[in-house]
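Before any comments, here is the structure.
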Amino acid sequence: MKIKQKLILCVFACSLVQPVFGQTTFGDRDCGIWINRKKNNFSELGATSWLHGYMSGLNVMHKLNGHKDNPLGKVNSVDQIHLWMDKYCQKNPLSNVSDGGDALFVELMTRR
């Protein structure tokens, strides 16, 4: 194969590659832990505080990405977030709390 053909083949092969995005969430809990946190004497403060921090981080990134709205401003209390997460985890027991936080944040972004 000539060098020109190899270069064309290489460019073509590279055009087929799909981008991959990853994320790291430190301290994430699964929905089983979230649902059983009271029953198992799991630190209620630890589970809920982690979620509060995660949601706050999403809100900050939302602002840093140029958005002017404040999705978390549409929530009246942290108890509303906890109840929403309880329902999410009941419906999605194999998910993580961060997945629920993402879903809640997206829902809040779409509310008027």
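The values are calculated or read from the model by the stated rules, or taken from the named source; none is laboratory data. Note that the coordinates shown come from a computational prediction; the quantities given were computed from them, not determined experimentally. All Cβ positions, even for glycine, are placed from backbone atoms using ideal geometry, and neighbour counts span all protein chains on display.
Overview of results
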| read-out | value |
| --- | --- |
| The one condition in (1) modelled with pLDDT under 95; (2) more than 15 Å from the chain's Cα centre (by Cα); (3) exposed (fewer than 12 other Cβ atoms within 10 Å of the Cβ) that N36 fails to fulfil | (3) |
| Every residue from segment 71-112 that is in a loop (DSSP other than H, G, I, E, B), over 13 Å from the mean Cα position of the chain (by Cα) and not β-branched (V, I, T) | N76, S77, N92, P93, L94, R111, R112 |
| Matching residues, segment 83-112, being modelled with pLDDT under 95, in contact with a strand residue (DSSP E or B) (Cβ under 9 Å, 6 or more places away or on another chain) and among the hydrophobic types (A, V, I, L, M, F, W, C) | L94, V97 |
| Candidate set from segment 72-96 (those that are closer than 17 Å to I35 by Cβ and among the charged types (D, E, K, R)); member that is surrounded by the most Cβ atoms within 10 Å (Cβ to Cβ) | D86 |
| Residue in segment 52-68 that is at negative phi, surrounded by 12 or more Cβ atoms within 10 Å (Cβ to Cβ) and not in a helix (DSSP H, G or I) present | yes |
